[in-house]
Amino acid sequence: QVQFVESGGGLVQPGGSLRLSCVVSDENIFSINTMGWYRQAPGKQRELVAIITSGGWTNYLASVKDRFTISKVNAKNTVYLQMNSLKPEDTAVYYCNTRPEGPSWGQGTQVTVSS
């Protein structure tokens, strides 16, 4: 069963930056699938934030476009999410998974944007 291990979250002030990382245990899953970053804020449904295809094409949730950048390093089975100009509404637990998502999820990484 594929595993996702997210890291890099933390507490940051509005306007700050964070870089999230997600290591995928199955290199085949990583190399052939579209990968996505998702987030879930308290009391809200999980939402898709950004995707990157096997060929490197990217797309973003409108509210994070021009602030967030998704990327990946195939040799490391790792997908990244660079988050700049963070806002309080970005506060959530962030997860990675394939797109469409598979049944297993990692523990996520908490991002809190607050002054």
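The values are calculated or read from the model by the stated rules, or taken from the named source; none is laboratory data. Everything numeric here is computed off the predicted structure, so don't read it as measured data. Note that we place each Cβ from the backbone using ideal geometry, even for glycine, and neighbour counts take in every protein chain shown. Heavy atoms of the whole protein, side chains included, go into the accessibility calculation; ligands, DNA and RNA do not. Shrake-Rupley method; radii C 1.70, N 1.55, O 1.52, S 1.80 Å.
Figures for the structure shown
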| quantity | calculated |
| --- | --- |
| Computed helical MRE - 222 nm, the chain, DSSP H runs ≥ 4 contributing -39500 (n - 2.57), nearest 500 | -1000 deg cm²/dmol |
| Extension reserve of the N84-W57 stretch, reckoned as 0.36 nm per residue once the Cα distance is removed | 7.7 nm |
| Lysines with Cα under 29 Å of K87, excluding same-chain neighbours fewer than 8 positions away | K44, K65, K72 |
| Per residue accessible area of the chain, 1.4 Å probe, in Å² | 53 |
| Length-normalised contact order of the chain in % [C-alpha pairs under 8 Å, at least 6 apart] | 37 |
| W105-N74 pseudo-label distance in nm [points 7 Å out on the Cα-to-Cβ vector] | 3.0 |
| Stokes-Einstein translational diffusion, the range 1-43 - Kirkwood Rh over all Cα pairs, 0.692 mPa s, 37 °C, in µm²/s | 260 |
| At R0 = 35 Å, FRET efficiency that the Cβ-Cβ distance of V5 and S115 yields, to 0.05 | 0.70 |
| Carbon + sulfur, % of accessible area of the chain - ligands and nucleic acids excluded, 1.4 Å | 47 |
| Coil-residue trypsin sites (Lys or Arg not before Pro) of the range 1-98, DSSP, other Cβ within 10 Å capped at 13 | K44, K65 |
| Cβ charges +1 (Lys, Arg) and -1 (Asp, Glu), total dipole of the chain, debye | 180 |
| Per DSSP, loop chymotrypsin sites (Phe, Trp or Tyr not before Pro) in the range 39-71 with at most 15 further Cβ within 10 Å | W57 |
| Cα-based Kirkwood hydrodynamic radius, the range 66-112, one decimal, Å | 12.3 |
| Centroid-to-centroid separation of the range 53-115 and the range 1-36 [C-alpha atoms, Å] | 6 |
| Using alpha carbons only: equivalent-ellipsoid semi-axes of the chain, gyration tensor based, whole Å | 22, 14, 13 |
